Every structure is written in C-alpha cells, then in structure tokens.
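Asker: The structure is given below, and queries will be raised subsequently.
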Amino acid sequence: MDYRHVDKDPVIDALRTIIEDAYGDITHSVLERLSYDSGVSVHCLRGWFLGETRRPFNMTVRLVLQALNCRVQIIRADGTEIIGMRNAYRKEEKKINVNAKTKSSAASTSVQ
C-alpha cells in the first residue's frame, strides 16, 4: 500500500491501487472514464486522490468499485463471508414487502 496520505481513509489508497492496476497512472482521462462509468463526478474523484477529501461517502466508493467490476462483501475475521451486500438488501426488501402486504390486508378486512 501507498502511505503518502496517512491522514486519508485507507479505502482511498485501496481504490488507488485497484485503479492503477486496471489503468496505470491516475490521469484526468482515467478519472473521466471512471466518472462516466460510475456516475461519481470527476471533481469528487480528484478530491479523493489529489485533493483534500479524507473520508469519502460509502455510496460513492461502492459506485466506483462497481464500475471497476469489484464486488463488496462482508467478511468475518475468520475469513468466512457473512452475506453479500446485494443479498442483504434483497432480504430486507422482501421483509418490508411482506410486512406491508400483511398490514394492508389486515386494514382492508377491518374496514369491511
């Protein structure tokens, strides 16, 4: 890892390594391509790698990782995967939908 930016979040350094492995040096054209692919502004990306940004928002990091074809996982200390983030969101959506259907059917039967 590159420790030039000790005051920055380590995820910035991890992203820098992934991007340099994929594209070589981080140039303006690389930032433009990542911006186009991820939807994260060039200004934001420049702030991470060349500017004053110390703690990037999780969602912007996830969008850039997705554009770089990387998968986000939650891993236990022993190395086992807890659950993929997409699956966690899907399970939560299903719970919300089931609860909403149950409440709406209960409300419609009490109205009659």
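Asker: Name every residue in the range 41-67 that is within 11 Å of the chain's Cα centre (by Cα) and in contact (Cβ under 8 Å) with a residue 24 or more places away in the chain, in order of residue number.
Answerer: Pro56, Val61, Leu63, Val64, Leu65, Gln66, Ala67
Asker: Which residues, counting only those in the range 50-69, are exposed (fewer than 14 other Cβ atoms within 10 Å of the Cβ) and farther than 15 Å from Gly39 by Cα?
Answerer: We begin by selecting, within the range 50-69, every residue exposed (fewer than 14 other Cβ atoms within 10 Å of the Cβ); these are 50-52, 54-55, 57-59, 69.
Result: Leu50, Gly51, Glu52, Arg54, Arg55.
Readers should treat all values here as calculations from the given coordinates under stated rules, not as data from a laboratory. Just so it is clear, the model here is predicted, and its values are computed rather than measured. Counting neighbours? That spans all protein chains shown, and the Cβs are built from the backbone with ideal geometry, glycine included.
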